[in-house]
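Everything below concerns the one structure shown next.
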Amino acid sequence: MFQAPGPGSKITVTTRFPTKSIHHPSGFKDNVTTGTVMKSFRGDPPHTFRMSTTSIHHPVARVDLAYVIDMVGDVTKKQADSGVRSYNVKGKNGDYVVTNVNRKWSCTCDGFMYRHTCSHIREVTLLEHEEHYKGLKIVGSRTS
């Protein structure tokens with residue numbers, strides 16, 4: 001899984017999408033986009049980034065990291081502390097990417113698209129909490 005490059009990165013990214021077109025007997029279509037990474041818009045999902053391109057018809061492309069198969073260029077340019085954490089989660093029906101951007105969760109699974117939450121996010125948050133509290137001793141408890 002690729003990490004989103006920071007704004008200002010000059011990259012060439014290749015994405016692969018499933019297709020049923022007779023022109024693509026492999027069942028997939030590859031798109032190659034070259035440009036400069038832009039600052040994301042407020043409503044963009046956390047597992048995407050935008051880039052300006054040289055295309056007259058599509059001057060701005062939004063790239064979903066779930067479909068990226070190759071990324072070349074200045075991909076190391078990142079913001080100092082972007083507050084972004086991504087996790088690869090193996091689910092029953094495939095592999096998914098769970099992303100946390102400034103405490104706002106998202107997942108690439110269909111369940112998240114409809115319910116805005118899913119078992120993959122619950123699994124990751126549970127693991128994060130266990131990791132955070134690992135090694136801490138409970139000194140006392142308080143009951144009301």
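The values are calculated or read from the model by the stated rules, or taken from the named source; none is laboratory data. From a predicted model like this one, the values you see are computed outputs, not experimental measurements. We place every Cβ from the backbone using ideal geometry, glycine too, and count neighbours over all the protein chains shown.
Residue by residue through segment 8-29, note down the ones that are at pLDDT below 85 and either in contact with a His (Cβ under 8 Å, 6 or more places away or on another chain) or within 15 Å of residue 53 (Cβ to Cβ) (or both).
Pass one, segment 8-29, residues at pLDDT below 85: 19-27.
Matches in segment 8-29: none.
So residue 15 clears everything in (1) free of Cβ contacts under 8 Å to residues at least 24 places away in the same chain; (2) closer than 21 Å to residue 87 by Cα except one condition, right? Which one?
So the condition that residue 15 fails would be (1).
Output the number of the condition that residue 48 fails; it satisfies all remaining conditions of (1) among the polar types (S, T, N, Q); (2) within 25 Å of residue 116 (Cβ to Cβ); (3) at pLDDT below 85.
Of (1) among the polar types (S, T, N, Q); (2) within 25 Å of residue 116 (Cβ to Cβ); (3) at pLDDT below 85, only one is false for residue 48: (3).
Just checking: which of the strands (runs of 3 or more DSSP E) contained wholly in segment 1-75 hold 1 or more residues that are under 18 Å from the mean Cα position of the chain (by Cα) and of a type in the set (S, T, N, Q)? Break it down into steps so the answer makes sense when it comes.
Details: elements: 10-18, 28-38, 48-53, 60-64, 68-73.
In segment 1-75, the matching strands (runs of 3 or more DSSP E) lie at 10-18, 28-38, 48-53.
If we keep just the residues of segment 1-32 that are of a type in the set (D, E, K, R) and surrounded by 13 or more Cβ atoms within 10 Å (Cβ to Cβ), which is nearest to residue 72 (Cα to Cα)?
10
Would you mind stating whether residue 35 is surrounded by 12 or more Cβ atoms within 10 Å (Cβ to Cβ), touching a residue at least 40 places away in the same chain (Cβ under 8 Å) and more than 24 Å from residue 98 (Cα to Cα)? Give the derivation first.
Details: surrounded by 12 or more Cβ atoms within 10 Å (Cβ to Cβ): yes; touching a residue at least 40 places away in the same chain (Cβ under 8 Å): no; more than 24 Å from residue 98 (Cα to Cα): yes.
Spelling it out, it is not the case that residue 35 is surrounded by 12 or more Cβ atoms within 10 Å (Cβ to Cβ), touching a residue at least 40 places away in the same chain (Cβ under 8 Å) and more than 24 Å from residue 98 (Cα to Cα).
I want to confirm something. Restricting to segment 1-28 and keeping residues that are aromatic (Phe, Trp, Tyr) and in the same structural domain as residue 44 (by TED's automatic domain parsing), which single residue is farthest from residue 99 (Cα to Cα)?
Start the filter on segment 1-28 by keeping residues that are aromatic (Phe, Trp, Tyr), which leaves 2, 17, 28.
This time we only want the ones that are in the same structural domain as residue 44 (by TED's automatic domain parsing), so: 17, 28.
Details: 17: 21, 28: 25 Å.
The residue in question is 28.
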